[in-house]
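Engineer: Structure provided below as structure tokens; questions to follow.
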Amino acid sequence: MRTSHWLKSSLSNQNKYPLLSILGGRELAILRGTNSFEGSLPTVVVAEPDLLRDILVKDFHIFPYRRPMTTGDPVADNMVSLMIGEDWKRVRTIITPAFTSKRMRQMSSIIDECSKSVVEVCEEYCEKGKPVDFKSTFGAFTMDVIAKSAFGTQINSHKDPQNEFVRKVRESFLNFTIPRMMLSILLPSWVLKCLPSSFNPMRFDKDNFFREVTMSIIKKRRETGM
């Protein structure tokens, strides 16, 4: 698409400010959307609720393509959130049964069990007369639920913050800062592919810890038939 055509579109005529200047302001709320550029890539930001509902629900099947993104990590590049087209449809069909109402009900017992730890932590704060640190408390709760339901690993992030699984999650995912995200967007995909894993801002599992855990779980379930 030619730059001149993109700049002359009706969306451009609604807004004369750079994209970053309106994302956090009220200007976007009164617009149907706006367009801008990520480098040389034309982009559209949709702001109208009815249009968003059509895209995400009614016409969702028409939008199997999403923002192209390459991380340079062969595992991350094959996540369903980054796939497009037929590959996306194939993987989505495979994983959909894992999120049926029956499966979700089976997870409720895991969530209930992990919730008990949250209650205990809150009671301890109350007994000491201290305010509850909700960010760390519910962050640990979320980590416990994911570890138990997805990895089959029983941990207690509240009482054992130095657990290897907990430490690896913090090192891999909680250090994803805004500058790191912006760097990953601005760098060309071929640069990310050439970077060593230790320097790649989008490479989360740098020492393959979660890959090895996942492969061991797959191997065990194949052997046991679970």
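Engineer: Scan the range 119-155 residue by residue and report those that are more than 24 Å from ARG211 (Cβ to Cβ) and in contact (Cβ under 8 Å) with a residue 24 or more places away in the chain. I'd like the intermediate steps shown before the answer.
Structural biologist: Applying the first criterion (more than 24 Å from ARG211 (Cβ to Cβ)) to the range 119-155 yields 119-138, 141.
Passing the criteria: GLU120, VAL121, PHE141.
Engineer: Being modelled with pLDDT under 75 and hydrophobic (A, V, I, L, M, F, W, C) is the filter here; which residues of the range 195-226 pass it? Spell out how you get there, then give the answer.
Structural biologist: Applying the first criterion (modelled with pLDDT under 75) to the range 195-226 yields 195-207, 225-226.
Residues satisfying the conditions are LEU195, PHE199, MET202, PHE204, MET226.
Engineer: Moving on to the next point. Mind checking which residues of the range 30-57 are part of a helix (DSSP H, G or I), more than 19 Å from the chain's Cα centre (by Cα) and at pLDDT 75 or above?
Structural biologist: Residues satisfying the conditions are PRO49, ASP50, LEU51, LEU52, ARG53, ASP54, ILE55, VAL57.
Engineer: Here are some conditions: (1) over 21 Å from GLY152 (Cβ atoms); (2) at pLDDT 85 or above. LEU82 meets all but one. Which one does it not meet?
Structural biologist: Failed condition: (2).
The values are calculated or read from the model by the stated rules, or taken from the named source; none is laboratory data. Just so we're clear, the structure is a prediction, and the values are computed from it rather than from any experiment. Note: ideal-geometry Cβ built from the backbone for every residue, glycine included; neighbour counts use all protein chains shown.
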